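Chemist: Quick one: the structure is below, questions incoming.
The values are calculated or read from the model by the stated rules, or taken from the named source; none is laboratory data. Computed from a predicted structure; not experimentally measured. Cβ: placed from backbone, ideal geometry, glycine included. Neighbour counts: every protein chain shown. With ligands, DNA and RNA removed, areas are computed over all heavy atoms of the protein, side chains included. Shrake-Rupley method; radii C 1.70, N 1.55, O 1.52, S 1.80 Å.
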Amino acid sequence: MARRYDSSTTTFSPEGRLHQVEYAIEAINNAGTAVGILAKDGIVLAGEKQKLSGLLAPPKGSEKMYKLDEHVTSVVAGLTADANILINTARVAAQRYIYTYQEPMPVEQMVKRVCNYKQSYTQFGGLRPFGVAFLFAGWDEHYGYQLYMSDPSGNYSGWKATCIGQNNQAGKSLLKNEYDESVGVDEALKLAVKVLVKTMDATSASADKLEFCVLTREGDKCVQRILPGQEVTQIIDEVNTAAASEGDE
Amino acid sequence: PISQEFPGTMSILEYNGGAVLAMTGKNCVAIATDTRLGMQAQTVACDFQKVFKMNDKLMLGVTGLATDVQTLSQLLKFRLNMYRMREEREIKPETFSALLTHILYERRFGPYFTEPVVAGLNEKNEPFVSAMDLLGAPVFTSDFVVSGTCTSNLYGMCETMYKPNMEPDELFETASQCLLASVDRDALSGWGAVVHVITPTGTISRKLKGRQD
């Protein structure tokens, strides 16, 4: 058994695997689903809120979405406490970039910065890796709208549409079939709802379990909008009626 | 004592020249600066920005060494953005002022050669002004604050012309006249001026036509 190679985060197993990193990825696959979709005029991020209890005080901002700078936002899947550290690192890195260069940090560079930080926990120090995966959504003048996914190993990849967290395979297969890169943000929102409805435990999605953030450009500024409850309900209803009528044909 | 490093001037705070004033009105606040950038006697630019918007209801004016004017405003932008993201709200003028004094005092033994001025409206749209010396010693007044190479002139003008609870238009007039008259008697300030009046509904910014000497 490769058991004896499990405990040290920074040692390879005989098969050439880093078990701790893989276990961290497992932790994320049990967390609330998050979806990211690139539309032609913006990016849609969606997340499933997991801790639902009537006694929970509503968070001031958002539970899954975190703004990293004016032009970049993120959605998290995994250990929220670990995510908070990385989010702070990303925010400070973004501000330090503006302070030095007087222009916003290109999206990929920010992703790289976070990922390099995550990677160092798989190679030095003997500390466990971060149990967080991110979907970064942002716009910069070099590459326009971009969507990146990063995981505990420190790897990242650019996507047109993807899904992390619980049941992400089901989500990804739906996206593979139905994603169309020429649609606008409104259509992408509906697709995001469809994906979450498929990946969620409960049979019906509702506004209090889902969070949506849309990143678009208005003039020369980026605008990040977290959708209010009624708008979410409206979109869920539209998706449900469309799904119901689909079955009639 | 005459400075040997900078002959002709007495202090590093006077090297680039400049003047800022901030004045309170009725639910509004004006902040005005000149736009000269000099190197001792020589004028190098007449469009140098010395007042910086921090958010819709908060502005920062900085006089002193030009490089530190820019660095300080950039540093504060950094800190303000972090504050906004962490606290998920806009910073209050009093808090911003406290942050600024902290940042200045951190450099107690190698300070930023600046004397900033904070002007804003708090959540109840009550006007707030404060000023600091280069080490971060703050001053909070209910009427006006001044900073720069012609503070004596500015104090005299403001003390004479100020009256409380002025409406935005009258406040603009008063602030403009105080600034213009003061910088005209100072060789190191002037060469253009800009005045911002912050009100609950927005900020009105105007450039003043002054003596270009």
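Chemist: Under a point spin-label approximation (7 Å from Cα along Cα-to-Cβ), what is the B:ALA187-B:PHE140 distance to one decimal in nm?
Modeler: Between B:ALA187 and B:PHE140, the label points sit 4.0 nm apart.
Chemist: Write out the trypsin sites (Lys or Arg not before Pro) in the range A:134-185 meeting two conditions: DSSP loop, and at most 16 other Cβ atoms within 10 Å of their Cβ.
Modeler: The qualifying sites are A:LYS160.
Chemist: Distance in nm between label sites at B:GLU159 and B:GLU94, each 7 Å beyond Cα in the beta-carbon direction?
Modeler: In this crude label model, B:GLU159 to B:GLU94 measures out at 2.8 nm.
Chemist: Within a 10 angstrom radius of each residue's Cβ in A:97-106, how many Cβ atoms of other chains show up on average? Whole number is fine.
Modeler: That average works out to 2.
Chemist: Given a Förster radius of 25 Å and the C-beta distance between A:ASN88 and A:LYS60 as r, what FRET efficiency does 1/(1 + (r/R0)^6) yield to the nearest 0.05?
Modeler: Given R0 = 25 Å and the Cβ-Cβ separation, E is 0.90.
Chemist: Given a 1.4 Å probe and every protein chain left where it sits, what share in percent of the accessible area of chain B is carbon and sulfur?
Modeler: C and S atoms contribute 52 percent here.
Chemist: Now a separate question. Could you sort the peptides A:218-226, B:178-186 by per-residue average Cβ neighbour count (10 Å cutoff), highest mean leading?
Modeler: Packing order, densest peptide first, comes out as B:178-186, A:218-226.
Chemist: What distance in nm separates the simple spin-label points at A:GLU103 and A:ARG217, each placed 7 Å from Cα in the Cβ direction?
Modeler: 1.4 nm
Chemist: Given +1 on the Cβ of Lys and Arg, -1 on the Cβ of Asp and Glu, and no further charges, what dipole in debye does chain A carry about its Cα centre, rounded to the nearest 20?
Modeler: The calculation lands at about 1100 debye.
Chemist: How many Cβ atoms of partner chains, on average, are near each residue of B:83-89 if near means within 10 Å of its Cβ?
Modeler: 4
Chemist: If R₀ is 60 angstrom, what is the calculated FRET efficiency for the pair A:ALA243 and B:GLN74, using the beta carbon separation as r and rounding to 0.05?
Modeler: 0.70
Chemist: Arranged from highest to lowest average of other beta-carbon atoms within 10 Å per residue, in what order do the peptides B:142-154, B:63-75 appear?
Modeler: The peptides rank, most packed first, as B:142-154, B:63-75.
Chemist: Need the C-alpha centroid separation for the range A:120-148 versus the range A:17-89, integer Å.
Modeler: 12 Å
Chemist: Now, a different point. At 0.36 nm per residue, and after removing the present C-alpha to C-alpha distance, how many nm does the segment from B:ASP213 to B:SER11 gain when stretched out fully?
Modeler: Taking 0.36 nm per residue and subtracting the Cα distance, the gain is 70.5 nm.
Chemist: Can I ask one more? With n ≥ 4 as the cut-off for DSSP H runs, can you work out [θ] at 222 nm for chain B, using -39500 (n - 2.57) per run divided by the number of residues, rounded to the nearest 500?
Modeler: Computed mean residue ellipticity for chain B: -10000 deg cm²/dmol.
Chemist: About the Cα centre of the range A:169-241, what is the dipole size in debye to 20, counting +1 per Lys and Arg Cβ and -1 per Asp and Glu Cβ, all else neutral?
Modeler: Charge dipole, the range A:169-241, about its Cα centre: 240 debye, nearest 20.
Chemist: At a Förster radius of 25 Å, what calculated FRET efficiency corresponds to the Cβ-Cβ distance of B:SER152 and B:GLN177, to the nearest 0.05?
Modeler: 0.90
Chemist: With just the Cα atoms defining each centre, how far is the range B:111-141 from the range A:175-238? Give it in Å.
Modeler: 44 Å
Chemist: Here's a follow-up. Any idea which of B:ALA30, A:TRP159, B:PRO164 is furthest toward the positive side of the dipole for the protein assembly as shown, if Lys and Arg beta-carbons carry +1 and Asp and Glu beta-carbons -1?
Modeler: Farthest towards the positive end: A:TRP159.
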